[in-house]
Every structure is written in C-alpha cells, then in structure tokens.
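I have a structure I would like to understand better, so I am pasting it below and will then ask my questions one at a time.
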Amino acid sequence: MSNQLVKQRKWLYPVLYTAFFIISMLPLYTEKPYAPQETQDVIIKLLMVVTTPYKAYAPIFHVLTLLMVALIAWQPAKMGRVWAGYMGVNYLIIALVQTMGTTAQYGFVLHTGGMVMYGVLGLVWLIVAFRNELQTSFRSIAWQHLLLLPLALLAFWSPYVASDNGVQPDFNPLLLLVSDYGLTFCFTTPIFLFLLILFYPQVNMLAYRITAFNGLLYGVFNLAHWLKPELRWMGFLHLPLLIISVYALILPRVHKRQ
C-alpha cells in the first residue's frame, strides 16, 4: 500500500494498532496449565531458554548486518530492496526461533501472539522489498537521530548472562558477535528502527509505523522486568526498544511540521 493511499485512510492506523494489541493478548499454549496471572512468568521462562539451541547461528546475523550497513554506505541506491528483504526474512526467523521452546516449569510453550505478530511483520517487509518501497541512504542525516546510536549499539550488544539467579550484566566484547541480536524481536527491532529513522522519510510508512508500534507495545510489556530485582538488568536492556520505538512514532509528526 502506497504512502499516499495510507494518508487518505486516516482510520487505518488505529484499526491496525488495535488489531496488533489484540494479537499480543492471544493466549499462550503450554504443555502444563498455568493461571492467567502467571502469563508474564511463562513468557519470561520461555525467553530464558528459547534462543539457546540457536546461539551458534548468532554471528551470522551480526556479520550480515554490519556488511549490509557498509554496502548501504557504499551503494545506497541498490540496497533498499535488499535491506527490506533482510528485515522480512529475519522477522520470519524470529517468529520460529523466539516463540516456542521447552521450559522446566511449564513444559512446551508456544507464544501465539508473538508468532503471529513477528510473522506478519516479516511478510509486510518482504512485500516492501518486492515492491521496492524502501530507499536507503546515510546522506543528510539529522544530528538528533544520531543520539539514538548508543541505544542501538546496546541492543546489538545486549550484554547479559542468564542463570537460575536471574539476569546479570556481562560486558564481554565477544557478545558483539554472539548476542541475541537477530534471534529475538526486542534486541533486533531497535537496530532496524534506528536505520529506518536514518532513512526517513524514504520508507514505506505502513511497514515503518506498524514495526514501531509493535516495538512500543513490547517495550511497555517488558517494563514488568523492573518489578523483579533479579530481572532489572533485562528491563534496562529493553529501554532501547521502548525509546527508539517512541522516537520512530513521533518522527512523522515532527517531520510534517518542518
């Protein structure tokens, strides 16, 4: 859907945002029953184990991203379709990797809402790639956007280690190549949004805004980590997702006034 057509349908974003919120509320599937008030605990337990089988593939996402950023700087006119396609494929991978796993307390768990949402985002960005509706360029970047760079780098690094005692900081430089970036929505989306902000306004507005909205949604959900002392570092590491998503959603209004 073209940006011009989206502008004419002012009802579209509220409807889509409501739909994604409803999707996020879809019940989890668990092998062992759980009480509704335990939903957040089920998700946390799932996220603590879900990426472990795929850690060996983490460097692929880090290296590919760095390579494509370099290619965007070198040949920006040729990279829009490639980058949109990469985002689409990565979200589809996350839909498979991050949404199901076996936990000690609840057995097999399927995060239904996450699987649907990540899958939809993946398909949307693949459509953007097919239609060639993203233009990449690092020229004429507003200096304000670069203030988000430390947050994007923090998400890319995601310096933590999980144990039975919770989540603790781990500033091992090796995590710049083997962290959860590329395997989880919450540590991948800040980088995607940061780059889209740098490319703005030469983006597909629909794909851009629903990505930012879902980032905001999950950024807010993960504020729950702050309620448990053993998980507060994980809550801190979700601030890039929350802050960059808010910035991305505000940017169109700011740009319109300029």
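Read the figures in this text as sums done on the coordinates, not as results from a lab. This is a predicted model, so every value here is computed, not measured. So basically every Cβ, Gly included, is an ideal-geometry build from the backbone, and we count neighbours across all protein chains shown.
How would you classify the stretch 1-128 from its alpha-carbon gyration tensor, with a ≥ b ≥ c the square roots of the eigenvalues: rounded for a/c under 1.5, else prolate if a/b is greater than b/c, otherwise oblate?
Because a/c hits 1.5 or more and a/b fails to exceed b/c, the stretch 1-128 counts as oblate.
What does the charge count near residue 251 come to, summing +1 for each Lys or Arg and -1 for each Asp or Glu among other residues with Cβ under 12 Å from its Cβ?
Overall, the nearby charge balance is +4.
Which of these, 35, 212, 95, has the largest mean-square fluctuation under a Gaussian network model of the chain (Cα springs below 10 Å)?
Comparing 35, 212, 95 in the GNM, the peak value goes to 35.
Separate question: If exposed means no more than 13 neighbouring beta carbons inside 10 Å and the site is in a DSSP loop, what's the longest run of the chain without any exposed trypsin sites (Lys or Arg not before Pro)?
Excluding the exposed sites themselves, the longest stretch runs over 11-138.
Picking from 94, 60, 244, which is most flexible by a Gaussian network model of the chain using Cα springs under 10 Å?
Maximum fluctuation in the GNM of the chain, among the listed residues, is at 60.
Compute the separation of the alpha-carbon centres of the stretch 61-125 and the stretch 168-219 and state it in Å as a whole number.
Using only Cα atoms to place each centre, the spacing works out to 10 Å.
Mind pulling the angle between the C-alpha long axis of helix 112-131 and the longest principal axis of the chain? Nearest 10 degrees, somewhere in 0 to 90.
20 degrees
Further question on the same structure: Of 72, 43, 22, which has the largest mean-square fluctuation in a 10 Å C-alpha GNM of the chain?
Of 72, 43, 22, the most mobile in the Gaussian network model is 22.
Against the longest principal axis of the chain, how steep is helix 239-257, in degrees 0 to 90 to the nearest 10, with axes from Cα atoms?
20 degrees
Another question about this same structure. Once Rh for the stretch 130-258 is found with the Kirkwood sum over Cα pairs, what is the Stokes-Einstein diffusion coefficient at 20 °C and 1.002 mPa s, in µm²/s?
Estimated diffusion coefficient is 139 µm²/s.
Return an integer: the convex hull volume of the alpha-carbon atoms of the stretch 33-74, in Å³ per residue.
Dividing the Cα hull volume of the stretch 33-74 by its residues yields 87 Å³.
Something else: How long are the three semi-axes of the equivalent ellipsoid for the stretch 14-88, computed from the Cα gyration tensor as the root of 5 times each eigenvalue, in whole Å, largest first?
36, 21, 8
Whose amide H sits under 5 Å from the amide H of residue 100, counting only residues 5 or more places off or on another chain, with H placed in the peptide plane?
Amide H to amide H, under 5 Å and 5 or more residues apart or across chains, residue 100 pairs with 111.
Give me the base-10 log of I(q)/I(0) for the stretch 3-257 at each q in 0.07, 0.09, 0.13 Å⁻¹, Debye formula, one uniform scatterer per Cα, rounded to two decimals.
Each listed q maps to, in turn, -0.23, -0.38, -0.82.
Which is the longest run of the chain containing none of the chymotrypsin sites (Phe, Trp or Tyr not before Pro) found in DSSP loop states (not H, G, I, E, B) with at most 11 other C-beta atoms within 10 Å?
Between exposed loop sites, the widest span is 12-170.
From the cross-link list 10/45; 55/228; 32/228; 45/78, which pairs have alpha carbons spaced over 31 Å apart?
In this structure, 10/45; 45/78 exceed 31 Å between Cα atoms.
Another question, if that's okay. When only Cα pairs under 8 Å and 6 or more residues apart are kept, what is the percent relative contact order across the chain?
RCO, the chain: 22 percent.
Oh, and also: Run lengths n ≥ 4 of DSSP H only: what is the helix-derived mean residue ellipticity at 222 nm for the chain, with -39500 (n - 2.57) per run over all residues, to the nearest 500?
When only DSSP H runs of four or more count, the value is -19000 deg cm²/dmol.
Quick one: 3J(HN,Hα) in Hz for the stretch 34-44, Karplus 6.51/-1.76/1.60 with θ = phi - 60°, rounded, Gly and Pro as x.
Each residue's phi maps through the Karplus curve to give 9, 7, x, 5, 9, 4, 5, 5, 4, 5, 4 Hz.
Let me ask something else about it. Over the Cα atoms of the stretch 159-214, each weighted equally, I'd like the Debye log10 I(q)/I(0) at q = 0.18, 0.31 Å⁻¹, rounded to two decimals.
Log10 of I(q)/I(0), two decimals: -0.72, -1.22.
Also, quick follow-up: Taking Cα atoms, how many degrees apart are the long axis of helix 12-24 and the longest axis of the chain, rounded to 10 and kept between 0 and 90?
With both axes taken from Cα atoms, the answer is about 20 degrees.
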